[in-house]
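See below for the structure under consideration.
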Amino acid sequence: MNTSMTRKQWYLSGFVAFTCLAATAAMAGPIENYSPVTAQRRENPEPANWMLYRRTYDGQGYSPLDQINTSNVKNLTPVWTFATGVVEGHEAPPIINNGVMFVATPMGQVIALNAKTGDEYWRYKRQLPDDLFQLHPTSRGVGLWEDKLYLATTDDHVVALDAKTGKVVWDTKVQDYKKGQYMTLMPLVVDGKVIVGGSGGEFGVRGYVAAFDAKDGKELWRTYTIPGEGEPGHDTWQGDDWKNGGGSAWMTGNYDKDTKTVYWGVGNAAPWPGEMHPGDNLYTSSVLALDPNNGKIKTYHQYHQNDSWDWDEVEAPILIDLQRDGRNIKSLVHPGRDAIFWVLERTPTKINYVAGWPFVSTDVWKGIDAETGKPIVDPAHKPVVGKRVEFCPSLWGGKDWPSAAYSERTKLVYVPANENFCGGFTGEKIPLKPGELWLGTKPEDIGLKAKPGADHFGELQAWDPATGKKVWQHNFPKSQLFGSVTATAGDLVFAGGTNDRNFRAFNAKTGELLWEQKTNSGIMGMPVSYEIDGTQYIAIQSGWGVDAQRIQDALATNNIGIESNVPQGGVIWVFALKK
Amino acid sequence: MEQSRRTLLLGALATTACLGCSTQSRAGEDAPGSDERPQKGDVLVFSEGDQEGKPITVADLPAGGPPVHAWPKDPKTSVVRSGSRLNEILIIRLDPADLDEKTRERAVDGILAYSAICTHAGCPVTAWVKSDVGDKDVFKCMCHNSEYDPRAGAQVVFGPAPRRLAALPLAIADGSLSVAGSFIGKVGGVQPG
């Protein structure tokens with residue numbers, strides 16, 4: 001037999017060898033030497049890592065890394081990029097654990113990458129049902145615990161993945177997506193409990209926060225955000241309104257590790273016009289203080305009563321140790337969708353109102369009762385059934401879900417705010433059909449109007465929560481600001497959020513714009529910072545969609561020179577200083 | 001207290017009505033064929049409103065819109081194919097003169113049927129409103145603002161949807177509508193979320 005290769009065989013073997021080389025270069029395969037994420041590491045994360053939604057349990061969104069700083073950020077340059085392959089809103093922070101990056105995207109994907117090189121280890125793609133439809137097609141990230149990752153899905157499951165391989169370890173159905181139940185948040189993991197909250201306020205659900213055993217997915221507790229019969233707070237509802245009263249809980253909570261208390265934000269009441277659910281409607285538009293062991297409500301604070309504006313207050317308040325009025329306050333700081341900058345005091349048994357002020361203009365509130373902290377509503381701007389009512393700000397509020405940040409160096413809170421928007425709708429009694437939109441108005445009736453003569457819309461604001469003074473503000477003349485903000489010890493504030501596709505760095509002390517980079521799409525994700533082998537990196541997902549795009553569509557109809565043409569498609573960007 | 005004849009009658013009526021509801025609902029959700037796509041010969045029935053479940057006739061369709069929302073129904077088994085939301089259909093009656101050539105060829109007396117499922121993220125296309133980019137009324141998905149023009153084969157005129165709505169061939173016999181063939185084009189979103 002002739003052992004020499006034919007010409008064809010030779011070509012084929014060459015092709016095989018090349019393919020093998022290519023595969024090696026792509027580093028596909030399991031992650032070696034993965035660092036398990038312990039309780040200790042979650043409570044005191046290494047400066048180099050970003051393992052929680054806001055890096056630390058207090059929700060500050062602050063990185064202690066300072067290699068990139070105000071003097072050298074002008075030299076920030078892309079190191080690698082990675083296309084996610086899907087469109088719509090990419091809202092998740094890239095999560096970093098000792099050199100490994102995990103990125104969640106719309107369409108139920110998780111991608112594991114080498115955070116230094118951008119090479120892929122593995123990719124998980126959830127097979128979502130064909131008949132699932134999604135008002136908010138997104139994911140805000142994966143939670144980490146030991147050697148697993150946890151993804152909350154839009155078809156309403158919690159899925160545990162093996163961090164090293166991306167293989168499914170367990171998959172627990174939470175509720176029924178066909179009834180409008182879904183999830184978009186990053187699970188909060190506390191002491192081996194995977195805590196999630198449900199979306200679906202626009203479908204007339206009854207919101208909840210629930211915990212699952214990180215090991216096997218068994219449900220440990222479920223606390224409804226709307227109290228049932230016989231429970232405290234139930235008397236703030238009438239008749240059966242509570243059964244479909246909304247109160248979704250679709251953002252990750254924060255955690256006070258000293259008092260072992262989870263602070264979880266709760267969404268608006270449903271349907272929108274408050275007239276259709278008379279009463280204060282606990283615990284909608286509130287923050288709940290929960291015991292992570294059993295889900296028991298320790299205490300709460302309701303930001304505003306009988307919501308009628310779609311003003312979710314789902315972003316968990318930031319835990320800040322404040323020096324205010326000559327005393328130390330363990331505070332909860334929340335720039336609300338209701339346009340009020342809230343400063344509260346957390347104690348083991350109670351949440352006290354400390355101060356509140358409007359951080360964007362509003363015609364809805366006439367003031368705040370100094371005793372109770374309840375805002376005083378102007379009925380002329382509270383939506384009702386059968387009559388069109390206008391109100392400012394719009395239903396997207398002074399600040400929607402994108403997160404504010406706090407720098408422990410500057411002691412300032414950085415708020416991605418929107419000014420000069422008003423909204424309105426006509427309330428209408430529409431029967432509830434499970435799985436169908438139930439807003440209490442016709443979706444096509446919802447409006448967003450720019451105030452005549454407005455010279456800007458988005459505002460990046462820096463507030464001193466100790467004094468209530470605004471220290472600086474950067475205006476965006478032709479764009480909303482719809483992206484989370486991150487602060488670093490380099491005295492920088494990073495933010496995307498604008499329709500011109502830019503990613504920006506500001507001087508945290510002065511607000512001066514120091515650097516910007518145009519990306520593939522608009523950015524509505526959360527910037528993070530990490531370090532590998534002595535190099536500091538900044539990472540962000542660029543991928544426009546969901547409500548940033550809804551506002552864009554509305555602006556395009558306002559005849560103010562803004563078009564609805566922001567390109568979509570997700571890309572992960574990683575930056576470092578030019579060497 | 002003795003019941004009056006009227007109370008008894010009303011009670012009986014309520015019971016009958018309730019039984020009727022329950023049977024229909026069971027047939028709609030679990031019956032064999034309820035989640036199968038529309039098939040040739042299916043009749044079309046209202047999927048919502050006061051006439052829910054009743055066959056749609058030409059007279060039920062207002063000229064120039066808005067569309068009527070429909071389910072296909074198997075006339076042999078009486079199973080309404082409401083087991084999958086991907087089966088919901090928009091039926092609209094337009095002036096044949098307003099239709100483009102291809103769409104006119106497919107229309108029956110100006111009547112057209114399309115999938116009610118947006119091709120972007122699979123939301124229901126619920127609105128019939130003036131387009132953001134023109135003066136005509138169009139089908140609009142209120143989830144992410146995609147718009148479709150039924151006069152031009154439901155092509156996308158605004159928003160993120162990547163392709164037109166799937167079309168459903170129709171036939172008319174004795175004023176009643178039926179399905180003349182399976183969907184033309186893919187039903188549902190490219191990216192379910």
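How many of the residues in region B:167-193 are within 14 Å of another protein chain (Cβ to nearest Cβ), β-branched (Val, Ile, Thr) and buried (at least 20 other Cβ atoms within 10 Å of the Cβ)? So that I can check it myself, show each step before the final result.
Within region B:167-193, the subset within 14 Å of another protein chain (Cβ to nearest Cβ) is B:183, B:186-193.
Adding the requirement that they be β-branched (Val, Ile, Thr) leaves B:187, B:190.
After this cut, where a residue has to be buried (at least 20 other Cβ atoms within 10 Å of the Cβ) as well, the list is B:187.
Residues that pass the stated criteria total 1.
Quick check on my filter: what residues within region B:124-139 are within 12 Å of chain A (Cβ to nearest Cβ) and not β-branched (Val, Ile, Thr)?
Filtering region B:124-139 for residues within 12 Å of chain A (Cβ to nearest Cβ) gives B:124-133, B:137-139.
B:Pro124, B:Ala127, B:Trp128, B:Lys130, B:Ser131, B:Asp132, B:Asp137, B:Phe139, listed by residue number.
Every residue, every condition in (1) basic (Lys, Arg); (2) within 14 Å of chain B (Cβ to nearest Cβ); (3) in contact with a Phe, Trp or Tyr (Cβ under 8 Å, 6 or more places away or on another chain); (4) closer than 23 Å to B:His120 by Cα, yes or no:
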position	(1), (2), (3), (4)
A:Gln517	no, no, yes, no
A:Ser521	no, yes, yes, yes
A:Pro527	no, no, yes, no
A:Tyr537	no, no, yes, no
A:Ile540	no, no, yes, no
A:Asp547	no, yes, yes, yes
A:Asn558	no, yes, no, no
A:Pro567	no, yes, yes, yes
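Of all residues in region A:334-371, count the ones that are small (Gly, Ala, Ser), surrounded by fewer than 23 Cβ atoms within 10 Å (Cβ to Cβ) and part of a strand (DSSP E or B). Steps first, please.
Of the residues in region A:334-371, the ones small (Gly, Ala, Ser) are A:336, A:339, A:355-356, A:361, A:367, A:370.
Restricting the remaining residues to those that are surrounded by fewer than 23 Cβ atoms within 10 Å (Cβ to Cβ) gives A:355, A:361, A:367, A:370.
When the remaining residues are screened for being part of a strand (DSSP E or B), the result is A:355, A:367.
The number of residues fulfilling the criteria is 2.
Can you work out which of the residues in region B:145-155 that are touching a residue at least 24 places away in the same chain (Cβ under 8 Å) and closer than 21 Å to A:Leu132 by Cβ is farthest from the other protein chains (Cβ to nearest Cβ)? Spell out how you get there, then give the answer.
First pass over region B:145-155, keeping only residues touching a residue at least 24 places away in the same chain (Cβ under 8 Å): B:146, B:148, B:150-154.
Subset that is closer than 21 Å to A:Leu132 by Cβ: B:146, B:148.
Values: B:Ser146: 10, B:Tyr148: 14 Å.
Selected residue: B:Tyr148.
Among the numbered conditions (1) under 29 Å from B:Ala161 (Cβ atoms); (2) of a type in the set (Gly, Ala, Ser); (3) away from chain B (no Cβ under 14 Å), tell me where A:Ser199 comes up short.
Unmet for A:Ser199, out of (1) under 29 Å from B:Ala161 (Cβ atoms); (2) of a type in the set (Gly, Ala, Ser); (3) away from chain B (no Cβ under 14 Å): (3).
Filter the strands (runs of 3 or more DSSP E) completely within region A:484-574 down to those with at least 2 residues that are modelled with pLDDT of 95 or more and hydroxyl-bearing (Ser, Thr, Tyr).
Details: elements: A:485-488, A:492-495, A:502-507, A:513-518, A:528-532, A:535-542.
Because the criterion is at least 2 residues that are modelled with pLDDT of 95 or more and hydroxyl-bearing (Ser, Thr, Tyr), the strands (runs of 3 or more DSSP E) in region A:484-574 that meet it are A:485-488, A:528-532, A:535-542.
Under 7 Å between Cβ atoms, at least 6 apart or on separate chains: pull out the pairs that start in region A:554-575 with a residue that is touching a residue at least 24 places away in the same chain (Cβ under 8 Å) and end on any residue that is among the aromatic types (Phe, Trp, Tyr) and surrounded by fewer than 21 Cβ atoms within 10 Å (Cβ to Cβ).
A:Val571/A:Phe82; A:Ile572/A:Phe82; A:Val574/A:Trp80
With respect to A:Ala454, is the statement that it is within 24 Å of the chain's Cα centre (by Cα), more than 14 Å from every other protein chain (Cβ to nearest Cβ) and of a type in the set (Gly, Ala, Ser) true?
For A:Ala454, the condition - within 24 Å of the chain's Cα centre (by Cα), more than 14 Å from every other protein chain (Cβ to nearest Cβ) and of a type in the set (Gly, Ala, Ser) - is not met.
Please list, ordered by first then second residue, the pairs with beta carbon atoms under 9 Å, 6 or more apart or interchain, first in region A:264-281 and free of Cβ contacts under 8 Å to residues at least 40 places away in the same chain, second crowded, with 24+ Cβ neighbours inside 10 Å and among the aromatic types (Phe, Trp, Tyr).
Filtered contacts from region A:264-281: no entries.
From the list A:Asp130, A:Asp156, which one is within 14 Å of chain B (Cβ to nearest Cβ), of a type outside the set (A, V, I, L, M) and either within 18 Å of the chain's Cα centre (by Cα) or closer than 23 Å to A:Gly496 by Cα (or both)?
Working: A:Asp130 fails: either within 18 Å of the chain's Cα centre (by Cα) or closer than 23 Å to A:Gly496 by Cα (or both).
None of the others qualify; the one that does is A:Asp156.
Would you mention how many residues in region B:72-106 are closer than 25 Å to B:Glu36 by Cβ and away from chain A (no Cβ under 14 Å)?
As a first pass, look at region B:72-106 and keep what is closer than 25 Å to B:Glu36 by Cβ: B:72-92, B:106.
After this cut, where a residue has to be away from chain A (no Cβ under 14 Å) as well, the list is B:72-80, B:89-92, B:106.
Result for region B:72-106: 14.
Quick one: which strands (runs of 3 or more DSSP E) lie wholly within region B:113-169 and hold at least 1 residues that are more than 18 Å from A:Pro137 (Cβ to Cβ) and in contact with a helix residue (DSSP H, G or I) (Cβ under 8 Å, 6 or more places away or on another chain)? So that I can check it myself, show each step before the final result.
Values: elements: B:127-130, B:137-140, B:147-149, B:155-158.
In region B:113-169, the matching strands (runs of 3 or more DSSP E) lie at B:127-130, B:137-140.
Considering only region A:77-89, I want to know if a residue exists there that is farther than 17 Å from A:Thr535 by Cα, in contact with a Leu (Cβ under 8 Å, 6 or more places away or on another chain) and crowded, with 22+ Cβ neighbours inside 10 Å.
no
For region A:86-119: of the residues being closer than 28 Å to A:Phe482 by Cβ and charged (D, E, K, R), which is nearest to the other protein chains (Cβ to nearest Cβ)?
A:Glu88
Among the residues of region A:192-217 satisfying the criterion of being of a type in the set (D, E, K, R) and touching a residue at least 24 places away in the same chain (Cβ under 8 Å), which is surrounded by the most Cβ atoms within 10 Å (Cβ to Cβ)?
Restricting attention to region A:192-217, the residues satisfying the condition of being of a type in the set (D, E, K, R) are A:193, A:202, A:206, A:213, A:215-216.
Within this subset, residues satisfying the condition of being touching a residue at least 24 places away in the same chain (Cβ under 8 Å) are A:193, A:202, A:206, A:216.
On the way: A:Lys193: 20, A:Glu202: 24, A:Arg206: 20, A:Asp216: 10.
That would be A:Glu202.
Does region B:108-123 hold any residues that are under 12 Å from the mean Cα position of the chain (by Cα) and within 14 Å of chain A (Cβ to nearest Cβ), and which are they? Before you say what the answer is, go through the steps one by one.
So in region B:108-123, the residues under 12 Å from the mean Cα position of the chain (by Cα) come out as B:112-117.
B:Ser115, B:Ala116, B:Ile117, listed by residue number.
Name every residue in region A:370-393 that is among the basic types (Lys, Arg) and more than 30 Å from the chain's Cα centre (by Cα), in order of residue number. Steps first, please.
Looking only at region A:370-393, we keep the residues that are among the basic types (Lys, Arg), and these are A:374, A:382, A:387-388.
Within region A:370-393, A:Lys387, A:Arg388 qualify.
One line per residue, one yes/no per condition, for (1) farther than 22 Å from A:Met251 by Cβ; (2) touching a residue at least 40 places away in the same chain (Cβ under 8 Å):
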site: A:Pro317; (1), (2): no, yes
site: A:Gly326; (1), (2): yes, no
site: A:Val333; (1), (2): no, yes
site: A:Trp357; (1), (2): yes, yes
site: A:Lys374; (1), (2): yes, yes
site: A:Lys387; (1), (2): yes, yes
site: A:Trp396; (1), (2): no, yes
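Here are some conditions: (1) at pLDDT 50 or above; (2) of a type outside the set (Gly, Ala, Ser); (3) in contact with a helix residue (DSSP H, G or I) (Cβ under 9 Å, 6 or more places away or on another chain). A:Ile31 meets all but one. Which one does it not meet?
(3)
Among (1) surrounded by fewer than 17 Cβ atoms within 10 Å (Cβ to Cβ); (2) in a strand (DSSP E or B), which single condition is A:Gln127 missing?
Evaluating A:Gln127 over (1) surrounded by fewer than 17 Cβ atoms within 10 Å (Cβ to Cβ); (2) in a strand (DSSP E or B) leaves (2) as the failure.
Considering only residues that are buried (at least 18 other Cβ atoms within 10 Å of the Cβ), away from every other protein chain (no Cβ under 14 Å) and not in a strand (DSSP E or B), which ones fall in region A:133-153? Break it down stepwise before answering.
Residues of region A:133-153 that are buried (at least 18 other Cβ atoms within 10 Å of the Cβ), as a first pass: A:133-145, A:148-153.
Adding the requirement that they be away from every other protein chain (no Cβ under 14 Å) leaves A:141-145, A:148-150.
Listed by number, the residues that qualify are A:Gly141, A:Val142.
Which condition does B:Met142 not pass, out of (1) touching a Ser or Thr at 6+ places or on another chain (Cβ under 7 Å); (2) more than 13 Å from chain A (Cβ to nearest Cβ); (3) not charged (D, E, K, R), if it passes all the others?
(2)
Only residues in region A:494-513 that are over 13 Å from A:Phe482 (Cα atoms) count as the first member; pair them with residues that are modelled with pLDDT under 95 and assigned to a loop (DSSP other than H, G, I, E, B), Cβ under 6 angstrom, at least 6 apart or cross-chain, and list the lot.
Taking only residues 6 or more apart or on different chains, not a single pair turns up.
So in region A:52-75, with the set limited to residues that are of a type in the set (A, V, I, L, M) and surrounded by 23 or more Cβ atoms within 10 Å (Cβ to Cβ), which one is farthest from A:Leu149 (Cα to Cα)?
If we filter region A:52-75 for residues that are of a type in the set (A, V, I, L, M), which is where we start, we get A:52, A:65, A:68, A:73.
Now drop any that are not surrounded by 23 or more Cβ atoms within 10 Å (Cβ to Cβ), which leaves A:52, A:68.
Numbers: A:Leu52: 11, A:Ile68: 29 Å.
Per the criteria, the residue is A:Ile68.
How many residues are among the small types (Gly, Ala, Ser), within 14 Å of the chain's Cα centre (by Cα) and surrounded by 22 or more Cβ atoms within 10 Å (Cβ to Cβ) if we restrict to region B:124-166?
Looking only at region B:124-166, we keep the residues that are among the small types (Gly, Ala, Ser), and these are B:127, B:131, B:134, B:146, B:152-154, B:159, B:161, B:166.
Those left that are additionally within 14 Å of the chain's Cα centre (by Cα): B:127, B:166.
Next, only the ones that are surrounded by 22 or more Cβ atoms within 10 Å (Cβ to Cβ) stay: B:166.
Summing the residues that are among the small types (Gly, Ala, Ser), within 14 Å of the chain's Cα centre (by Cα) and surrounded by 22 or more Cβ atoms within 10 Å (Cβ to Cβ) in region B:124-166 gives 1.
The values are calculated or read from the model by the stated rules, or taken from the named source; none is laboratory data. This is a predicted model, so every value here is computed, not measured. Counting neighbours? That spans all protein chains shown, and the Cβs are built from the backbone with ideal geometry, glycine included.
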